[in-house]
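Each reported figure results from applying straightforward, stated rules to the coordinates on display, with no laboratory input. Only a predicted model underlies this, so the values are computations on that prediction, with no experimental measurement involved. All Cβ positions, even for glycine, are placed from backbone atoms using ideal geometry, and neighbour counts span all protein chains on display.
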Amino acid sequence: MKISLIAFKQHRLRLLLGAALVAGATLWLLNRHSVAAPAVAAVSRPALTVSTVTMRSEQWAQTLSANGSIVPWQEALIGAQLPGVRIADVKVSIGDRVRRGEILATLDNALHPAGGDVPQGRIVAPDDGVISSVSANVGSMPQTGTELFRLIRQGRLEWQAELTAEELMRLRRGMRASITLSGGRTVQGTVRAISPKVEMQTRFGHALVRLDDSNAIVAGVFARGTFDLSGGTRKLSSLPQTAVMQRGSMTYVLVVDAASRVHERAVAIGQRLGDRVEIRQGLDPAERVVETGGPFLTEGDVVQVVKE
């Protein structure tokens, strides 16, 4: 019985020693990991490789852009002057250029023998211009006042720009404008008239710009133009448009700090010219901003900056 008690105590001692060894090993492993963890956490992999830019000081003209259409300066509506007179011949077609007094159509004056020697025996152009519409037909007997021809007076066309009330108030007669047609052709013009009101339904008014050269331009074509508001140039700072982002009503850029982390910075922008955007407020000239890839980054991301 005494031997069994000694064996039991020896077995219990071995169990205690084993537990102590396991506890010591576990404590050692925990201490080792606790020391290594901060070193791992301190290493942040770059979210993206980016190039950076700073604002560029430039000389720009102050401009205002708008959309619109090419319209005739004035269209003369030409109709019949006598009822019950048959059209004997039509002398012109759409697109013909005519001179003032040129015969557009002759009338059959069988019911008016003296008519051949008076203006009622023919229909003539009231001004130089281009025929834009012909509804006269040989043999028809139009009523008085029925439209037979339309004439674009002097062949002059204008750009009719659509603008808000605030934009209209920035324009003045005589300002120059550059108009780009859908085919890429650019023509110059001068503001001739400015609408004194806007339409209640659309909230847009119109400015009419007389084109310096309207040859080979078709009325009704869409055109985009730019008004020169300054009559010269002004100094400003700009960034590439790829560096400027929009989220809702907020316009912002991503500034890269000394630790290569990005931070959102709200900015106020102005006009655009090509692929450049004017930066009016919110950024210092020396601050570096992400040039491209901004939509893939969030506040606080670490980036790898490509040397400029």
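The fraction of Cα-Cα pairs per 10 angstrom bin, counted from 0 for segment 138-235, comes to 13, 37, 28, 13, 7, 1, 0 percent, rounded to whole percents. Remark on segment 51-113: Rg and Dmax equal 26.9, 88 Å (Cα only). Across segment 157-308, the convex hull enclosing all Cα atoms gives 165 Å³ per residue.
Note: relative contact order over segment 45-169, using C-alpha pairs below 8 Å and six or more positions apart, is 35 percent.
On a per residue basis, the convex hull of the C-alpha atoms belonging to segment 190-236 measures out at 148 Å³. Note on Val218 and Phe296: their simple-model spin labels are 4.4 nm apart, each label 7 Å out from Cα toward Cβ. By the Cα gyration tensor, segment 80-203 has an equivalent ellipsoid whose semi-axes, rounded to whole angstrom, run 41, 17, 13 from largest to smallest.
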